[in-house]
Amino acid sequence: MRNLIISLFLLFSFTTEAQVKQIKGRVVDAANQAGIAYTNIGVEGTFYGTASDAQGFFELKVPEEFQQEQLFFSAVGYENRTFDIAQLLQKNFIKIDLNEQTYDIEDVDIAAQSRVLFRIIKTAANNIPQNFHRGPLGMKFYYQETLKTADDSQQNREAVIDLFDATAYRSPSITDAFKNRHYQFTEVNKNFESYSISTGSTGFDELLEMDIARLANGILNAQLLNDFDLKLESISPFNGDSVWVISYKTIKADLAHTGDYYATRLDGKIYISQNNYEILRNECVVESKRNNPHNRSLATKSKKQSQVRYHYTATYKPQDGKYALSYLDCDKTFLNSKNQQVTFSRKASVLDLNTSPSQRTGKDYFENEAYLESFWNNFKRPE
């Protein structure tokens with residue numbers, strides 16, 4: 001009797017194992033063949049399934065009852081795919097190619113649209129190291145600065161600036177940008193003398209902080225993204241690309257979300273290419289109770305800049321096969337300590353980009369280059 005039970009157990013085990021078959025394979029990006037981590041893999045219409053590992057590999061044991069069903073593959077940012085399990089079982093190892101998701105969101109409801117827009121922005125942020133120059137990178141800027149007060153006095157400064165960025169867009173963050181960006185003023189032309197720290201300060205560093213792709217801050221910070229309301233403005237052509245134009249507004253107007261210590265409002269608009277989620281343009285309007293004259297991110301008790309409102313823009317374009325910053329501007333109005341209306345404008349245009357630059361160290365918070373008449377007489381200013 002004991003031998004009969006053992007025989008029946010072995011027969012049952014052999015039959016059960018024979019009915020279960022295994023699928024082994026890897027899920028990859030169709031464009032670059034990189035493994036897609038944590039892809040959801042499951043039998044259609046059931047809770048039975050698995051997920052790929054960090055490199056995209058997976059194994060799935062399929063009971064006989066599911067061997068004539070469909071197997072689906074689903075990953076964030078990619079189009080779903082479905083296959084006949086019977087066909088997959090005929091191969092020892094399979095490769096599943098997934099294509100990046102394209103979105104047609106003009107006709108979906110607001111809640112669904114918002115979820116898709118969040119995904120588009122997250123994908124654009126994640127793709128920065130692939131889409132943009134990874135460094136080292138050299139950039140030559142033409143810089144303009146104009147300050148006008150209500151009494152019609154005006155200060156003008158223009159300069160040429162050489163910037164060295166050791167890591168460029170390889171690991172975008174505020175800390176990385178501050179650590180690895182260095183710049184020097186090589187030519188200066190201005191119509192005023194500097195008698196104080198505030199008038200001597202160039203403000204170029206603050207303008208660089210508006211390069212949202214380099215700092216990956218604000219709307220491009222995944223930890224902050226849920227604090228923004230998003231809306232699809234349009235899908236339209238822009239500089240030869242078809243782009244999503246997404247407007248956003250923060251519900252938390254603090255330093256982390258706006259870059260401004262005393263901000264009360266931030267509304268923005270970001271342009272993202274449908275081609276490969278390249279960031280093409282970002283523009284913001286910020287309102288603030290006051291600003292520190294040295295940098296909007298610093299605390300201050302000064303009344304030199306109160307009732308502040310400014311609009312800034314950053315644009316990007318492909319150069320030498322990858323994207324990089326091409327233009328920055330910030331137009332600002334505020335009341336000074338005499339309660340006069342002041343208009344302050346800063347603009348920086350990229351004149352040249354070099355992927356094999358000479359290394360530079362330090363930052364010229366205060367320019368000290370002498371005016372060279374021969375240079376400015378022959379210099380062609382960008383439009």
Exercise for review: Sort 207-220, 253-266, 337-350 for me by packing, meaning the mean count of neighbouring Cβ atoms within 10 Å per residue, highest on top.
Suggested key: 207-220, 253-266, 337-350
Exercise for review: Using θ = phi - 60° and the Karplus relation 6.51 cos²θ - 1.76 cosθ + 1.60, list the HN-Hα couplings for segment 303-313 in order, rounded to whole Hz, with x at every Gly or Pro.
Suggested key: 10, 5, 9, 10, 6, 8, 9, 8, 10, 10, 9
Review point. Each residue of segment 149-162 in order: what ³J(HN,Hα) in whole Hz does its phi give by Karplus 6.51 cos²θ - 1.76 cosθ + 1.60, θ = phi - 60°, with x for Gly and Pro?
Key: 10, 5, 7, 6, 6, 9, 10, 10, 9, 9, 7, 10, 10, 9
Point to revise | Amide hydrogen neighbours beyond the local backbone of Y48, cut-off 5 Å, H modeled | key: V43
Point to revise | Total lysine pairs under 25 Å (Cα atoms) in segment 125-283, excluding pairs fewer than 8 apart on one chain | key: 8
Review point. Once you charge only the Cβ atoms, +1 for Lys and Arg and -1 for Asp and Glu, what is the size of the charge dipole of the chain about its Cα centre, to the nearest 20 debye?
Key: 920
Revision key, fill the gap. Between I174 and N378, the FRET efficiency computed from the C-beta separation at R0 = 35 Å comes out, to the nearest 0.05, as 0.40
Review point. Quick one: what Rg and Dmax do you get for segment 110-378 from the alpha carbons, in Å?
Key: 18.7, 60
Study note, to complete from the structure: Given 84-94, 272-282, 369-379, the highest-first ranking by average Cβ count within 10 Å works out to 272-282, 84-94, 369-379
Review point. Fully extended, how many nm does the chain gain between A51 and V20 (0.36 nm per residue separation, minus their Cα-Cα distance)?
Key: 9.3 nm
Review point. Spin-label point model (7 Å from Cα, Cβ direction): what's the A222 to Q341 distance in nm?
Key: 4.5
Revision key, fill the gap. Helix 110-126 sits off the longest principal axis of the Cα atoms of the chain, rounded to the nearest 10 on a 0 to 90 degree scale, by 80
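As a test of the formula, what do you get for the chain when each DSSP H run with n ≥ 4 contributes -39,500 (n - 2.57) and the sum is divided by the residue count, at 222 nm and rounded to the nearest 500 deg cm²/dmol?
-5000 deg cm²/dmol
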Exercise for review: Give me the angle, in degrees from 0 to 90, between the Cα long axis of helix 2-19 and the longest principal axis of the Cα atoms of the chain, rounded to the nearest 10.
Suggested key: 50
**Study point:** Karplus-derived 3J(HN,Hα), 6.51/-1.76/1.60, for each residue of segment 373-383, Hz, glycine and proline x
**Key:** 4, 4, 5, 6, 5, 9, 6, 9, 6, x, 6
Revision key, fill the gap. Here the FRET efficiency for E65 versus A30, based on Cβ atoms and R0 = 30 Å and rounded to 0.05, is 0.45
Practice item. Using Cα pairs closer than 8 Å and at least 6 residues apart in sequence, work out the relative contact order for the chain, in percent. Key: 15
**Study point:** Hits among aspartates and glutamates - C-alpha to C-alpha of K61 under 18 Å, sequence gap 8 or more where chains match
**Key:** E17, E44, D53, E69, D84
Review point. For segment 239-382, what does the alpha-carbon gyration tensor say about shape, rounded, prolate or oblate, given a ≥ b ≥ c as the root eigenvalues, a/c under 1.5 as rounded, and a/b over b/c as prolate?
Key: oblate
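Each value in this text was obtained by applying a stated rule to the coordinates, not by laboratory testing. Remember, it's a predicted structure, so these values are computed and weren't measured experimentally. Heads up, the Cβs are rebuilt from the backbone with ideal geometry, glycines too, and the neighbour counts pull from every protein chain shown.
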